[in-house]
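S.K.: The structure that follows is given in the form of C-alpha cells.
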Amino acid sequence: MNLIFENIIFLSSEIILVLTAVVLLMVGAFKKKNNAKIVVYFSFIVLILLSIMEMLVPWSSVTIFNNSIIQNGYTRFVKIMIYFSSSFAIILSSRWLMKYDDKAFEYPILILFSVLGMSLMVSANDLITLYLAIELQSLPLYVLASFKRNNTESSEAGVKYFVLGALSSSLFLFGASIVYGFSSSVEFGEIYQSLQASEINTALIIGLVFVLSGLIFKISAVPFHMWTPDVYQGSATPVTAFFATAPKLAALCMLINILFGPLSGMSDSWYQIIFFVSMASIALGTFSAIRQTNIKRLLAYSSIAHMGFALIGLLSFPNLDGIQSLLLYMLIYLVTTLGVFSCIISLEITEGESITKIDDFSGISKNYPFTAFTMAMFMFSYAGIPPLGGFFAKYLIFRSAIDNGLIFLSVFGLVLSVVGAFYYIRIVKLMYFDEPKTIVKKSFSKGLSFTNTICLIFIISFIFIITIAPITELTETAAISLAN
C-alpha cells in the first residue's frame, strides 16, 4: 500500500491533469452558459499551477510503477516547459474560441489530454508506456486539426495528419518490436544492458531506423516533414500555435530520452542518421520558406529548420553540453513562437479570422505600431540577431557543436541562418516600408496582450534573465540527470 501511495505521489501532475479534464468535461456538458469560457480559464490556471508545482518538488531520480515511468530533473524541466507553453496556447485561443463557438468546451479539454500524453512521453521508461503515451498525445491533435468542422481545409488537415500520424506510429511500433525481439525486454535499462552485451547486427539497425522514423515524424524533421505545411495551413491559427510548441518539444525530448538511454549503445548507427536529418531539415526548411506566401506555411518550414538546428545538440553524444544547449534553444523557440502567434491572431481581416497572407502585414506599423514592433522583435529573434534570445539560442547550439568537433555542421548552419534571415526580415520590411494592401483590424484580448508582453520581455531581456534566474542551472541539472 505504501509503494502504491508513493507511486501516486510521484505521478501527481498526471493524475491532476486526468481529474481536471474529467471534471471540466462534466462542467462543460452540464453548464449551459459560458461553459467554454470557464473551461478555458480553469485549464489555463491548472497548467500554470502544475508547472509551478514541478519547480517546487524535489528533482531526485525515481522510477515508479515497476520501472515503467521515470521522474528526474530532466523530465521535470521538460514538463515545466510543456505545461507553460500549453497554458499560453490555451489562453491565446480564448477569444477565437468565443467567436467561433462559445459552447465548444471540448477544445481546451482535448489540449489537456494531449498534454497528459506529452507528460507521460517524456517520463516513459519502457516501450509499451512510450507507445501508449504517443497515441494519447496524438489522438487529440488529430481532432484539433479538424476542429473547424465546416471548413474544408481544416477537415483535410485533420485527415492528412491522422493518416500520416497512424503511419508513423506503425513505423515506431514495428521498430520497437524488433528491438524487443533482440533484447527480450521493453524496459529501457534492460534494453541498454542487452545491447551492450551483444553485437549490433543488421536487424537491430533496421529496428533503429524504424523507431527513429516514427519519432522524427513527430518533430516534423526531414524526410518526414511533408504533413507540416498542410496541417499548419489548414488548422485554425490558435491550433497551429499549439502544434508549433508543446508537441514538438515533447517529441524532441522523447527522442533524446531514447537515444541517450536504451539506444546509446548504438550511437555509431543513429549518429549518422541524426547528422543527415539535421542538415536536410535546416536546408529544406530554409530554402522552402523563402518562396512561401502564406504566413502559416512559412512558419511551418521555419519550424522544420529550427528542429534541424535543435538536433545539432544531439550530436554532442556522449557529452551533455549539447543537451543543455538544446533545452535552452527549445525554451527560446517556444517563447518566440507563442509571441509570433499572439501577433498573428490579434490581426484580423474579417471578424474572427486571422490574417493568412504574408502581404497582409504590409504597412501595419502605421496603424498598430506596438504590434509591428513586437512582431519585428520576434522575427529578429528567429533570425538570430543579437542581443535577442534567438541569437543566444543559436550561439549555444553552434558552440556545443564546435566544442564537439562538428566544424562543418556549424559553418553549414551558420550560413543557412544568414539565408533564413531573408524571409524573417522581409516581414519586417513589409510592416514598416510598404503601403497597406488590405484592411487589417486589431482584436483586443487580455490573453493575447498578456502573452505578447510576456514573450516580448523574455526575448528582449534574455541575457539579463539568465543572470538573475536559475535557468542555466536548471538546464544543467536536467542534462546531468539524463545521464544518471
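S.K.: Go through Ile457, Ile471, Ile425 for me and flag whichever is open to solvent by 60 Å² or more (accessible area, probe 1.4 Å) and under 21 Å from the mean Cα position of the chain (by Cα).
M.R.: One residue alone meets the criteria, Ile457.
S.K.: Keeping to region 51-104, report how many residues are under 25 Å from Phe450 (Cα atoms), hydroxyl-bearing (Ser, Thr, Tyr) and open to solvent by 10 Å² or more (accessible area, probe 1.4 Å).
M.R.: The number of residues fulfilling the criteria is 1.
S.K.: Return the pairs, sorted by first residue and then second, in which the second residue is open to solvent by 10 Å² or more (accessible area, probe 1.4 Å) and polar (S, T, N, Q), the first residue lies in region 70-89 and is farther than 18 Å from Glu476 by Cα, the beta carbons are less than 6 Å apart, and the residues are 6+ apart or on different chains.
M.R.: Once the first residue is farther than 18 Å from Glu476 by Cα and sits in region 70-89, its partners that are open to solvent by 10 Å² or more (accessible area, probe 1.4 Å) and polar (S, T, N, Q) give Ile70/Thr63; Ile70/Asn125.
S.K.: If Ile385 satisfies every condition in (1) among the hydrophobic types (A, V, I, L, M, F, W, C); (2) open to solvent by 20 Å² or more (accessible area, probe 1.4 Å); (3) part of a helix (DSSP H, G or I) but one, which is the exception?
M.R.: (3)
S.K.: Now for a separate question. Here are Gly175, Gly189: which of them is part of a helix (DSSP H, G or I) and farther than 25 Å from Ser281 by Cα?
M.R.: Gly189
S.K.: Give all pairs with beta carbons closer than 6 Å in which a residue from region 145-168 that is surrounded by fewer than 22 Cβ atoms within 10 Å (Cβ to Cβ) meets a residue that is in a helix (DSSP H, G or I) and of a type in the set (D, E, K, R); count only pairs at least 6 apart in sequence or on separate chains.
M.R.: Close Cβ pairs satisfying both conditions: Lys160/Asp230.
Here is a yes/no grid of residues against (1) over 13 Å from Gly420 (Cβ atoms); (2) among the hydrophobic types (A, V, I, L, M, F, W, C); (3) at pLDDT 95 or above:
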{"site": "Phe275", "(1), (2), (3)": "yes, yes, no"}
{"site": "Ser288", "(1), (2), (3)": "no, no, no"}
{"site": "Gln324", "(1), (2), (3)": "yes, no, no"}
{"site": "Ile344", "(1), (2), (3)": "yes, yes, no"}
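S.K.: Among the residues of region 57-99, what is the count of those that are hydrophobic (A, V, I, L, M, F, W, C), more than 24 Å from the chain's Cα centre (by Cα) and not in a loop (DSSP other than H, G, I, E, B)?
M.R.: Final tally of qualifying residues: 3.
S.K.: Quick one: Phe224 ticks every box in (1) assigned to a helix (DSSP H, G or I); (2) in contact (Cβ under 8 Å) with a residue 12 or more places away in the chain; (3) open to solvent by 10 Å² or more (accessible area, probe 1.4 Å); (4) under 28 Å from Asn319 (Cα atoms) except a single one, so which number is it?
M.R.: Phe224 satisfies all of (1) assigned to a helix (DSSP H, G or I); (2) in contact (Cβ under 8 Å) with a residue 12 or more places away in the chain; (3) open to solvent by 10 Å² or more (accessible area, probe 1.4 Å); (4) under 28 Å from Asn319 (Cα atoms) except (1).
The values are calculated or read from the model by the stated rules, or taken from the named source; none is laboratory data. Small disclaimer: the values here were computed from a predicted structure and weren't measured. Positions of Cβ are backbone-derived with ideal geometry, glycine not excepted, and every protein chain shown enters the neighbour counts. The protein model used for the area step is the full one, side chains on, heavy atoms only, and it has no ligands, DNA or RNA in it. Shrake-Rupley method; radii C 1.70, N 1.55, O 1.52, S 1.80 Å.
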